[in-house]
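Undergrad: One structure, as structure tokens, below. Some questions next.
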Amino acid sequence: MRLFCFPHAGGTGTLYRSWAAPLAFRAEVRVVSCEAAGELTEMARSCADRLADVADGAMFFGHSMGALVAFETIRLLRRAGRRGPGLLFASGHVAPHLPSPGRELHALPRAEFWAEVRRLGGTPDELAEDAELRLAVEDRLRAEFRAAETYRYTAGQPLDCDVVALAGTEDERAPADGVAAWRLHTTGGFAVHEFTGGHFFLTERTAAVLDLIDRAGVPR
């Protein structure tokens, strides 16, 4: 079983790569590069082109922005007549048709921007503490936040794969009721799981998240 992982805005996939060993007996972990290309749907189109021949029957896991990219990638695969993944883990983001709570970050002045990014969590210490490194990656990071924050859902057929939605109990940007609304976007099985923590509960509750992936079951 292949598990394709879609990073959050600014994510490098380091977290997902650390999952490879714990999940070795269940899945082959692969990180999907989601370079900002203007609109989020353009990012998804690039992903769909690269995954068209390898996604059949796989699992997709997307956190925050990555959840939206994974969702739109599946829609594009379906429209192209591809079977696509059998299961989507949608983590840390409200359902696609809902506005994302919280401030838009992409246009904030530099000091405010980095303060908000650090407050969200998920930023490596070496990046947060190195002014030159922050400057080197800021344009890319802003572009990815812009892609996520300007995304607008376009109505269409719901997915036919199973969906498991994951929420942090203290995540102000993706409250549990909004995450539970992913139920409306699939005709397959659905489950929602809450984990103690904020927006990056993945790093706080890694063992529990990996156990959920390992079991990879939803009620039908």
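The values are calculated or read from the model by the stated rules, or taken from the named source; none is laboratory data. The model shown is predicted, which means the values in this text are computed figures rather than measured ones. Cβ sites come from the backbone with ideal geometry, for glycine too, and all protein chains shown count toward neighbours. These accessible areas exclude ligands, DNA and RNA; they are computed on the full protein's heavy atoms, side chains included. Shrake-Rupley method; radii C 1.70, N 1.55, O 1.52, S 1.80 Å.
Undergrad: Exactly one condition in (1) closer than 22 Å to Gly188 by Cβ; (2) in contact with a helix residue (DSSP H, G or I) (Cβ under 8 Å, 6 or more places away or on another chain); (3) open to solvent by 10 Å² or more (accessible area, probe 1.4 Å); (4) in a helix (DSSP H, G or I) is false for Arg78; which is it?
TA: The failed condition is (2).
Every residue, every condition in (1) within 17 Å of Leu88 (Cα to Cα); (2) at pLDDT below 90; (3) not in a loop (DSSP other than H, G, I, E, B), yes or no:
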{"site": "Thr154", "(1), (2), (3)": "no, no, no"}
{"site": "Val164", "(1), (2), (3)": "yes, no, yes"}
{"site": "Ala167", "(1), (2), (3)": "yes, no, yes"}
{"site": "Glu170", "(1), (2), (3)": "no, yes, no"}
{"site": "Val179", "(1), (2), (3)": "yes, no, yes"}
{"site": "Arg183", "(1), (2), (3)": "yes, no, yes"}
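Undergrad: Tell me yes or no: at least one residue of segment 195-202 is touching a strand residue (DSSP E or B) at 6+ places or on another chain (Cβ under 9 Å) and open to solvent by 60 Å² or more (accessible area, probe 1.4 Å).
TA: Among the residues of segment 195-202, at least one is touching a strand residue (DSSP E or B) at 6+ places or on another chain (Cβ under 9 Å) and open to solvent by 60 Å² or more (accessible area, probe 1.4 Å), which makes the answer yes.
Undergrad: Out of the residues in segment 13-45 meeting the condition of being among the aromatic types (Phe, Trp, Tyr) and either assigned to a helix (DSSP H, G or I) or open to solvent by 50 Å² or more (accessible area, probe 1.4 Å) (or both), tell me which one is nearest to Arg152 (Cα to Cα).
TA: Top of the filtered list is Tyr16.
Undergrad: Moving on. Out of all the residues in segment 81-96, which are open to solvent by 10 Å² or more (accessible area, probe 1.4 Å) and either within 18 Å of Glu39 (Cα to Cα) or modelled with pLDDT under 90 (or both)?
TA: Selection gives Gly81, Arg82, Arg83, His93.
Undergrad: Right, here's the next one. What about Arg45, is it under 27 Å from Gly102 (Cβ atoms) and touching a residue at least 60 places away in the same chain (Cβ under 8 Å)?
TA: Working: under 27 Å from Gly102 (Cβ atoms): yes; touching a residue at least 60 places away in the same chain (Cβ under 8 Å): no.
Answer is no for this residue.
Undergrad: Of the residues Ala95, Ala48, Ala90, Ala20, which single one is within 11 Å of the chain's Cα centre (by Cα), at negative phi and among the small types (Gly, Ala, Ser)? Lay out the reasoning, then the answer.
TA: Values: Ala95 fails: within 11 Å of the chain's Cα centre (by Cα); Ala48 fails: within 11 Å of the chain's Cα centre (by Cα); Ala20 fails: within 11 Å of the chain's Cα centre (by Cα).
Selected residue: Ala90, the only one of Ala95, Ala48, Ala90, Ala20 that is within 11 Å of the chain's Cα centre (by Cα), at negative phi and among the small types (Gly, Ala, Ser).
Undergrad: Identify the single condition in (1) at pLDDT below 90; (2) open to solvent by less than 10 Å² (accessible area, probe 1.4 Å) that Ala143 does not satisfy, given that it satisfies every other one.
TA: Of (1) at pLDDT below 90; (2) open to solvent by less than 10 Å² (accessible area, probe 1.4 Å), only one is false for Ala143: (2).
Undergrad: Going by the conditions given, is Ala216 of a type in the set (Gly, Ala, Ser), open to solvent by 30 Å² or more (accessible area, probe 1.4 Å) and under 21 Å from Arg2 (Cα atoms)?
TA: no
Undergrad: Quick one: would you say Ala216 is at pLDDT 90 or above and either more than 15 Å from the chain's Cα centre (by Cα) or within 26 Å of Asp56 (Cα to Cα) (or both)? Give the steps one after another, and end with the answer.
TA: On the way: at pLDDT 90 or above: no; either more than 15 Å from the chain's Cα centre (by Cα) or within 26 Å of Asp56 (Cα to Cα) (or both): yes.
No: the conditions fail for Ala216.
Let's see how each residue does on (1) farther than 21 Å from His199 by Cα; (2) in contact with a Gly (Cβ under 9 Å, 6 or more places away or on another chain):
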site: Leu3; (1), (2): yes, no
site: Ser18; (1), (2): no, no
site: Ala24; (1), (2): yes, no
site: Glu28; (1), (2): yes, no
site: Cys34; (1), (2): no, yes
site: Leu40; (1), (2): no, no
site: Met43; (1), (2): yes, no
site: Val54; (1), (2): yes, no
site: Gly57; (1), (2): yes, yes
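Undergrad: Quick check on my filter: what residues within segment 170-180 are open to solvent by less than 20 Å² (accessible area, probe 1.4 Å) and either within 23 Å of Arg78 (Cβ to Cβ) or hydrophobic (A, V, I, L, M, F, W, C) (or both)? First the steps, then the outcome.
TA: First, pick out the residues of segment 170-180 that are open to solvent by less than 20 Å² (accessible area, probe 1.4 Å): 171, 174, 178-179.
Ala174, Val179, listed by residue number.
Undergrad: Going by what's in this entry, would Arg103 be described as under 28 Å from Glu138 (Cβ atoms), open to solvent by 10 Å² or more (accessible area, probe 1.4 Å), without any contact (Cβ under 8 Å) to a residue 40 or more places away in the chain and in a helix (DSSP H, G or I)?
TA: In short, no.
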